[in-house]
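Bear in mind these aren't lab numbers, they're just calculated from the coordinates by the rules spelled out. Bear in mind the structure is a predicted one, so any value in this text is a computation, not a measurement. Here the Cβ positions follow ideal geometry from the backbone for every residue, glycine too, while neighbour counts run over all protein chains shown.
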Amino acid sequence: MAFYKNIKYYGKNSIYPNEQSWIASRLITLRHDLYHAIEKDRKANSLIIGSWNIRAFDGGIPRLKESHHYIAEIISQFDICAIQEVKTNLEPLKNLVKLLGPNWDYFVSDISTHKGGNSERMAFLYNTDKVFFRNLIGEIVLPTKDLIAGEQIARSPFFASFQSGWFKFSLCSAHIIYGNDLSKRAKEITVIADALTSRAEDEDQVHILLGDMNIEKPDDEVMTALKDSGLTVPNFGPTNMGGNRWFDQIAFTTKGKAERKTRLLRHGSFDWRHAVYGPHPKETAPEFTEEQIKLGMSRVELDTLLNHYEKVVKDVRDKHNKKPYKNWAKSYKRWTTDEMSDHLPIWVELEVDYSDDYLRRFLK
């Protein structure tokens with residue numbers, strides 16, 4: 001559960017007079033949706049690993065304070081989360097960790113300044129009550145024979161080793177290069193996956209590749225490269241806002257020295273648009289009972305969202321010397337991706353207690 005104490009200081013100015021009430025209602029709704037999507041069916045002694053490309057976090061006009069609360073609430077459902085597209089300024093990331101609470105810690109990579117790097121960082125945020133760091137962290141660097149068109153990977157994959165219960169694992173966060181050349185994307189995935197599967201042969205830990213793989217379709221050559229890598233690849237479905245791109249993936253080793261130590265319990269993506277910012281896809285939005293509505297839960301229609309945020313956004317843009325949107329209604333969907341993301345977060349739930357298996361070794 002994320003921290004909410006900052007909310008009591010909001011709404012003290014004329015720009016956003018009903019800020020407290022609005023954020024509280026959105027958080028109550030978001031908490032309801034997260035509970036039913038992730039927490040409700042969680043197994044005992046499991047680990048939930050998340051991955052989220054949070055669009056340009058925070059590379060433009062600073063996000064609204066409420067967006068940080070919503071992002072923190074979602075990440076708090078995971079025990080550890082890889083984040084892609086963290087930008088140069090680390091203050092937004094530090095603020096996010098504060099909202100998660102004192103039991104959360106983080107690691108962040110340096111800025112990718114070389115060709116294709118887009119001045120991005122990657123980060124791991126983790127709940128120290130559930131996960132501990134195993135003192136290994138770094139970036140994957142390719143040997144000369146594996147260079148892609150004579151170059152290193154555009155955004156160096158960021159990895160670190162952790163442990164939860166009996167489960168030792170290494171996360172490798174990647175943001176695969178974008179562009180018209182799908183074969184180059186596929187090559188990046190192949191060389192990263194090869195490095196992980198090779199390490200799995202010698203290291204008693206499960207290697208997990210996660211992040212924005214920039215996969216267009218479930219049968220394109222980029223997805224084929226991931227599935228042919230020897231990693232196990234669950235089906236997360238589309239993760240972009242349009243519902244037609246299979247961008248984000250979490251794949252993991254099931255062979256090697258840690259064979260039989262990866263038991264996938266559940267996996268999925270989470271569509272935050274049902275609760276915050278919207279516009280929510282009505283066909284998949286669960287309705288609320290009268291009792292739930294009395295408790296503060298609600299689905300907000302697009303017209304209400306447009307009216308609510310129009311003045312707030314205009315004032316924020318004025319403050320940062322930006323012109324107002326020419327067509328607010330047309331720009332709204334794009335603006336919501338700047339506040340939250342143009343990607344949905346994804347997650348896997350893995351079993352981490354193998355004590356029964358260990359004890360069975362001693363049975364006659």
Using R₀ = 25 Å, calculate the FRET efficiency as 1/(1 + (r/R₀)^6) where r is the Cβ-Cβ separation of Leu90 and Ser331; round to 0.05. 0.30
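Only bridges whose two residues both fall in region 16-171 count here: according to DSSP, what percent of them are antiparallel, nearest 5?
Details: 23 of 29 bridges.
Of all bridge pairs located within region 16-171, approximately 80 percent are antiparallel.
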State which helices in the chain qualify, where a helix is a whole DSSP H run, it must extend 15 Å or more along its own axis by its Cα atoms, and its mean Kyte-Doolittle hydropathy must be at least -1.0. 19-34, 65-75, 182-200, 302-319
For Lys87, the net charge from surrounding residues (Cβ-Cβ under 11 Å; K, R +1; D, E -1) works out to -2
Only helical DSSP H runs with n ≥ 4 go in: add -39500 (n - 2.57) per run for the chain, normalise by residue count and round the 222 nm mean residue ellipticity to 500 deg cm²/dmol. -9000 deg cm²/dmol
Highest first, please rank the peptides 49-60, 101-112, 86-97 by the mean number of other Cβ atoms sitting within 10 Å of their residues. 49-60, 86-97, 101-112
Take Asp228 and Lys319, extend 7 Å from each Cα along the Cα→Cβ direction, and tell me the distance between the two endpoints in nm. 5.1
Peptides 207-216, 319-328, 338-347: what's the order by average Cβ count within 10 Å, highest mean first? 207-216, 338-347, 319-328
For Asn235 and Tyr4 in the same chain, what is the full-extension length gain: residue separation times 0.36 nm, less their Cα-Cα distance, in nm? 79.8 nm
Toy charge model, Lys and Arg Cβ at +1, Asp and Glu Cβ at -1: the chain dipole around Cα centroid in debye, rounded to 20, equals 720
Students often get this wrong: which residues of region 256-270 have the backbone nitrogen under 20 Å from the point 7 angstrom along Cα-to-C-beta of Trp166? 256-266
Starting from the Cα of Lys311, draw a straight line to each of the lysines and keep only those under 19 Å, dropping any in the same chain fewer than 8 residues away. Lys12, Lys65, Lys319, Lys322, Lys323, Lys326, Lys330, Lys333
Residue (of Gln20, Met340, His32) at the positive-pole extreme of the chain, dipole from beta-carbon charges: Gln20
What does the charge add up to near Ser269, with Lys and Arg as +1, Asp and Glu as -1, over the other residues with Cβ less than 14 Å from its Cβ? -3
Can you tell me what share of the DSSP beta bridges in the chain is antiparallel? A percent to the nearest 5 is fine. 75
Roughly what % of DSSP beta bridges within region 128-268 run antiparallel, to the nearest 5? 75
How far apart, in nm, are the 7 Å Cα→Cβ label points at Lys282 and Asp204? 5.7
Among the lysines, which fall within straight-line cross-link reach of Lys184, defined as a Cα-Cα distance under 26 Å, with same-chain neighbours fewer than 8 residues apart omitted? Lys87, Lys115, Lys145, Lys217, Lys227
Would you indicate which of (1) 64, 47, 45; (2) 63, 45, 40; (3) 67, 54, 37 is the value of Cα extents along the principal axes in Å derived from the coordinates of this structure? (3)
So, with points 7 Å from each Cα along the Cβ direction, the Ser183-Leu306 label distance in nm works out to 4.6
Neighbour net charge for Ala186 - beta-carbon separation under 10 angstrom, K R +1, D E -1: -2
